[in-house]
Amino acid sequence: MTRAPWRRLPGALLLALLLAALPAAWAQRVDVDSNGQGEAITIQASADVQADPRTVWDVITDYDHLARFIPFMRSSRVVQRDADRLIVEQAGELGIVFFKQSVEVRLAVVETAPKRVVARAIGGNIKEMEGLYTVEQLPSGYTRLSYSGRVLPDFAVPPVIGRIALRSVMERQFDAMVSEIASRERERTQLQR
C-alpha cells in the first residue's frame with residue numbers, strides 16, 4: 001500500500017505545518033506550562049480563539065471522537081452517562097525519543113454546560129489525575145479555553161525525560177484541540193452564510 005507523501009512527515013512537523021496554515025485570527029494566544037511537584041506533574045494551558053463558545057464546548061465534550069484529532073490518543077469513549085456525569089475511558093501513549101509508555105485511564109467527568117468540565121481518574125495506570133477545562137467568552141469576541149491539571153502516573157517516569165515527554169504530548173494535544181475548534185468554527189460560519 002502506498003502512503004501519501006504528507007503521511008511520511010513526522011507528526012510534530014505535520015502538526016506545525018497545520019497550525020502554521022491557520023489564520024492568525026483563529027488562535028490569538030496559546031500557552032502551555034508544566035512543572036513537577038514531587039512525582040506529580042501539573043499542566044496549565046490556555047488559548048484565546050476566535051470561535052463561538054458553543055463550538056469550543058462541542059469540541060471539548062466530543063469524547064467519542066477525540067481520538068480522531070488528538071495526537072497520541074488511541075481511543076476515547078463514553079461508557080456511562082447520567083445527565084451531566086459521565087464515565088469516559090481513554091487510551092494512548094506518552095513518549096519521546098526512547099521513552100514510551102502506554103497510558104490507560106478511566107475518568108469520572110462532571111460537565112457544567114457550557115462553561116466547565118471537571119475530570120478525575122478513577123482507574124487505569126494513572127494513580128491520580130484531576131483536570132479542569134473552562135470556557136469563557138471574552139469582551140474582545142474571542143473565547144478563552146483554559147485547562148489546568150495534575151497527573152501522578154502509576155508507572156515509573158524518568159525524572160527529566162518523563163516531564164519533557166508529558167509537556168510535549170500535552171502541548172501537541174492542546175494545540176490539536178485548538179486546531180479542531182478553529183476547523184469546526186470555520187465550518188459553522190460557512191454554513192451560516
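Annotations
- The residue that is nearest to the chain's Cα centre (by Cα), counting only those in region 54-68 that are touching a residue at least 60 places away in the same chain (Cβ under 8 Å) and open to solvent by 30 Å² or more (accessible area, probe 1.4 Å), is Asp58.
- Residue count, region 69-92 (criterion: part of a strand (DSSP E or B), of a type in the set (A, V, I, L, M) and free of Cβ contacts under 8 Å to residues at least 60 places away in the same chain): 6
- Whether a residue is part of a strand (DSSP E or B) and under 18 Å from Glu39 (Cα atoms) was assessed, and Arg120 passes this test.
- Annotation note: Cβ proximity below 6 Å between a residue of region 165-193 that is over 17 Å from Gly95 (Cα atoms) and a residue that is buried (at least 21 other Cβ atoms within 10 Å of the Cβ) and at pLDDT below 90 (sequence gap 6+ or interchain) occurs for Val178/Ala27.
- Residue in region 163-176 that is modelled with pLDDT of 90 or more and of a type in the set (Phe, Trp, Tyr) present: yes
- Matching option when the condition is open to solvent by 70 Å² or more (accessible area, probe 1.4 Å) and without any contact (Cβ under 8 Å) to a residue 60 or more places away in the chain, among Ala156, Ala108: Ala156
- Count of residues meeting criterion [more than 16 Å from Ala121 (Cβ to Cβ) and open to solvent by less than 40 Å² (accessible area, probe 1.4 Å)] in region 79-95: 1
- Residue within region 160-183 that is touching a strand residue (DSSP E or B) at 6+ places or on another chain (Cβ under 8 Å) and in a strand (DSSP E or B) present: no
- All positions within region 117-147 that are closer than 16 Å to Val56 by Cβ and among the polar types (S, T, N, Q): Thr134, Gln137, Ser140, Thr143, Ser146
The values are calculated or read from the model by the stated rules, or taken from the named source; none is laboratory data. Please read these numbers as outputs of a predicted model, since none were measured by experiment. Every residue, glycine as well, gets a Cβ built from its backbone with ideal geometry; the counts of neighbours run over all protein chains shown. The accessibility values were calculated without ligands, DNA or RNA, using every heavy atom of the protein model including side chains. Shrake-Rupley method; radii C 1.70, N 1.55, O 1.52, S 1.80 Å.
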